[in-house]
Structure formats: C-alpha cells, structure tokens
1. What does the accessible area per residue of the stretch 4-136 come to in Å², with a 1.4 Å probe and no ligands, DNA or RNA counted?
2. Explain nothing, just compute: Karplus ³J(HN,Hα) = 6.51 cos²θ - 1.76 cosθ + 1.60, θ = phi - 60°, for every residue of the stretch 7-21 in order, whole Hz, x for Gly and Pro.
3. Computed from the coordinates I sent, Rg/Rh (Cα atoms, Kirkwood Rh) equals one of (i) 1.01; (ii) 0.93; (iii) 1.07. Tell me the label.
4. Which residue, Leu123, Leu45, Leu94, tops the fluctuation ranking in a GNM of the chain built on C-alpha contacts under 10 Å?
5. Under 30 Å Cα to Cα from Lys57, which lysines show up? Leave out anything in the same chain fewer than 8 places away.
6. Check Leu67: other-chain or 5+ apart residues with amide H under 5 Å from its amide H, H built from backbone geometry?
7. Please give me, ordered by residue number, the chymotrypsin sites (Phe, Trp or Tyr not before Pro) of the stretch 71-128 that lie in loop per DSSP and have at most 16 other Cβ atoms within 10 Å.
8. Among Lys11, Lys71, Lys58, which one moves the most in a GNM of the chain with springs linking Cα atoms closer than 10 Å?
Amino acid sequence: MLSKKTKYGIKALTFLARQDSSKPVSIATISKSENISVKFLESILLTLKKNGILGSKKGIGGGYYLLKNPKDVPMTTVMRILEGPIAMVPCVSLNYYEKCDDCPDEDKCAVHRLMIQIRDNSLKVFRNTTLADLTN
C-alpha cells in the first residue's frame, strides 16, 4: 500500500510542476491547495530537497521549487526517495536485495516468482511515468 508520505509527496510535486514559473511556492499554499497538514508537508518537502528534487528559498517570497524539469523526474526516483524499495519483498529488490530467511531456493519459490512479475510491471509504469506526465 502506498504511504501517505509518498501520496502527499507526489501531490505536492505535481502542484509545483503545474506552476507557470519557477518562483518558490510557500508551504502554506501547497498545504491549502492539496489538503496536506503543514507539519507533515514540511517533512516531505525537506526529504525531497535533501535528495535533489527541490530547492528552497527562505524569507518573504520564499518557499519550494523544482530543481529539475518535470520531464526529468521519473516516478522511480520519487518512489525510492519517499517510499523506499519498490519491490514488495526484499528478495526481488533491485536496490535493496536481501535473501529471505525462510526460503531455501529462490528459483523454486512461488512467492519469489510472483513478486518478480509484480516488481517488473510496477517498475515499467514508474520508469515510463515522469512528473510531467502527471500534470496533464
């Protein structure tokens, strides 16, 4: 299940991508428009800033803005920053692989085979979807 952190992060990024200019947008403006608590939104935007997706400006007229063109922000990046591994189980994760303790042979494991299919299909969607695609 998608966490609220990731859901709200995508909503905030989409809101910023829809803005006509690269002027900073206040947290309060994003919060009100997307119905996200200011405190929770601050944490999400800070995470996105630390990972190079957003920039910020302090003071009057300050706020957050996209550092990259929305077409250059794939959902795989956003998902991994906010959600963590895309795979549902660690034994099929491309970036966070861990062998399952209860599985003697991954090649014969029905769960492993199913989760690879789910991972691959999810990755296809996330890789082929950018922030720009979500603004239409």
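The values are calculated or read from the model by the stated rules, or taken from the named source; none is laboratory data. Only a predicted model underlies this, so the values are computations on that prediction, with no experimental measurement involved. Here the Cβ positions follow ideal geometry from the backbone for every residue, glycine too, while neighbour counts run over all protein chains shown. Keep in mind that these areas ignore ligands, DNA and RNA; they rest on the heavy atoms of the full protein, side chains included. Shrake-Rupley method; radii C 1.70, N 1.55, O 1.52, S 1.80 Å.
1. Each residue of the stretch 4-136 exposes 61 Å² on average to a 1.4 Å probe.
2. Going residue by residue, I get 4, 5, x, 5, 4, 5, 4, 5, 4, 5, 5, 7, 5, 6, 10 Hz, with x marking Gly and Pro.
3. Read-out taken from this structure: (iii).
4. In this elastic network of the chain, the residue with the biggest mean-square fluctuation among Leu123, Leu45, Leu94 is Leu94.
5. By straight Cα distance, Lys57 reaches Lys4, Lys5, Lys7, Lys11, Lys23, Lys32, Lys39, Lys49, Lys68, Lys71.
6. Close amide H contacts, sequence-distant or interchain: Leu54, Gly55.
7. Listed in order of number, the matching sites are Tyr96, Tyr97.
8. Lys58
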